[in-house]
Amino acid sequence: MRIEVPRLCERRGDVAELAERFMSDLAREYGREPRKLSAETLVALRAWDWPGEVRELRNLVERLLLGAPGRS
């Protein structure tokens, strides 16, 4: 059986929910406080084409969490 999954750029409505979930999961994994993604950030994330698919989104959220100044 073959299952076709649409590319992330075809499911832009899922990007914000996935990013927020990744932020929560990664913050817990790293023992950090989750960062709130601004409305502007979410607009930019939805606009991106995501050639690396969901993995690229997760990696970006991880860099946002670890590279953000402030509380650790």
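No lab work stands behind these numbers, since they all come straight from the coordinates. It should be emphasised that the depicted structure is a prediction, and the values quoted were computed from it without experimental measurement. In this analysis, Cβ positions are derived from the backbone assuming ideal geometry, glycine residues included, and neighbour counts consider all displayed protein chains.
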Discussion item. For the structure I just gave you, tell me whether Arg2 is surrounded by 10 or more Cβ atoms within 10 Å (Cβ to Cβ) and either basic (Lys, Arg) or in contact with a Cys (Cβ under 8 Å, 6 or more places away or on another chain) (or both).
Written reply: no
Worksheet item: Among the residues of segment 50-68, is there at least one that is of a type in the set (Asp, Glu), closer than 20 Å to Val5 by Cα and surrounded by 10 or more Cβ atoms within 10 Å (Cβ to Cβ)?
Response: yes
Practice prompt. Test Val43 against the stated conditions and say whether it is assigned to a helix (DSSP H, G or I) and either within 12 Å of Leu64 (Cα to Cα) or over 10 Å from the mean Cα position of the chain (by Cα) (or both).
Written response: yes
Discussion item. So in segment 46-72, with the set limited to residues that are of a type in the set (Lys, Arg) and under 12 Å from the mean Cα position of the chain (by Cα), which one is farthest from Glu10 (Cα to Cα)?
Written reply: Arg63
Worksheet, complete the sentence: Scanning segment 19-40 for residues that are in a loop (DSSP other than H, G, I, E, B) and among the aliphatic types (A, V, I, L, M) gives Leu37
